[in-house]
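Colleague: One structure follows; several queries about it will come next.
The values are calculated or read from the model by the stated rules, or taken from the named source; none is laboratory data. Since the model is a prediction, treat every value here as computed from it, not as a measurement. Glycine gets a Cβ as well: all are built from the backbone with ideal geometry, and neighbour counts include every protein chain shown.
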Amino acid sequence: MSEAIQETLRASPWAGLLLVVLMAWLEYMFPPAPGDSTILFACFLAGAGVLPLPAVVASALLGSVAGALTAWGLGRHLGRSYFLLRSEWARFELARLERGFARFGPVLLLANRFLPGLRGFFLYAAGIGRLGWRPVAFYSTLSNLMWIGLIGWAGTSLGSSWEEVRVVFRRYVWGIAIFLALYAVLAIARMRRRRRAAIAISRTGS
């Protein structure tokens, strides 16, 4: 996060809140954008009395949900374009993606906000997979509420200095990401074992 962002958040509450909205939205469109760190710093300032915490949380939620729906809309309108689907491989992958979202759509959308760098892909993929806007809005809002709640707690409770808060929160993020990745690997492995067992039983029965 740049010094310019920090100075804007310190200097003007209204400009700072608008910046929180913008950066939260932009992180879905351009993952390297420092959306989470901007929200975290705004919450840290709220803990110090510089910004109102409810307004920071509302701004972060507004920008995040808008970003999620924008990514979903791009996937829905551009993901099936001729240039992406002109190969047999692309059509096969699209069919598999649609099946995946039909089975695990809510789970993927609930987890999306906890996976920095990948969250935009999940929403873009939901659009390509033709998931409706209502479940996208509901589950992405719920996911963002949980994540922003965590950031709000971290920014106001993890330390008395910005550097301390930033370092500790980064550890939390890595811990959550590793846990979710391991859970996903185990879930996929278990699903494949069950599928192989079902195929073996059907062959034995026939």
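Colleague: Whether any residue in region 168-180 is of a type outside the set (Val, Ile, Thr), within 30 Å of residue 56 (Cβ to Cβ), at pLDDT below 75 and within 19 Å of the chain's Cα centre (by Cα) is what I want to check.
Modeller: Yes, the conditions are met somewhere in region 168-180.
Colleague: Continuing with this model, one more query. Would you please list the contacts, defined by Cβ atoms under 7 Å and residues six or more apart or on different chains, that run from a residue in region 123-143 that is among the aromatic types (Phe, Trp, Tyr) to a residue that is not in a helix (DSSP H, G or I)?
Modeller: These pairs meet every condition: 124/79.
Colleague: Could I ask something else about it? Could you count how many residues in region 111-127 are of a type outside the set (Gly, Ala, Ser), over 20 Å from residue 73 (Cβ atoms) and assigned to a helix (DSSP H, G or I)?
Modeller: Result for region 111-127: 1.
Colleague: Within the bounds of region 41-56, is there any residue that is in contact (Cβ under 8 Å) with a residue 40 or more places away in the chain, farther than 19 Å from residue 115 by Cα and β-branched (Val, Ile, Thr)?
Modeller: yes
Colleague: Let me ask something additional. Would you call residue 16 of a type outside the set (Phe, Trp, Tyr), surrounded by 15 or more Cβ atoms within 10 Å (Cβ to Cβ), part of a helix (DSSP H, G or I) and touching a Leu at 6+ places or on another chain (Cβ under 6 Å)?
Modeller: Yes; evaluated as a whole, the condition is true for this residue.
Per-residue answers, yes or no, for (1) under 22 Å from the mean Cα position of the chain (by Cα); (2) surrounded by 16 or more Cβ atoms within 10 Å (Cβ to Cβ):
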site: 31; (1), (2): yes, no
site: 36; (1), (2): yes, yes
site: 41; (1), (2): yes, yes
site: 45; (1), (2): no, yes
site: 50; (1), (2): no, no
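Colleague: To continue, here is another question. Which one of the conditions (1) modelled with pLDDT of 90 or more; (2) surrounded by fewer than 19 Cβ atoms within 10 Å (Cβ to Cβ) does residue 93 fail to meet, given that it meets all the rest?
Modeller: Of everything listed in (1) modelled with pLDDT of 90 or more; (2) surrounded by fewer than 19 Cβ atoms within 10 Å (Cβ to Cβ), residue 93 misses just condition (1).
Colleague: Shifting gears a bit: State all residues of region 169-194 that are among the β-branched types (Val, Ile, Thr) and either surrounded by fewer than 10 Cβ atoms within 10 Å (Cβ to Cβ) or within 15 Å of residue 39 (Cα to Cα) (or both); if no residue qualifies, say none.
Modeller: Once the filter is applied, which keeps residues that are among the β-branched types (Val, Ile, Thr) and either surrounded by fewer than 10 Cβ atoms within 10 Å (Cβ to Cβ) or within 15 Å of residue 39 (Cα to Cα) (or both), region 169-194 yields only 173.
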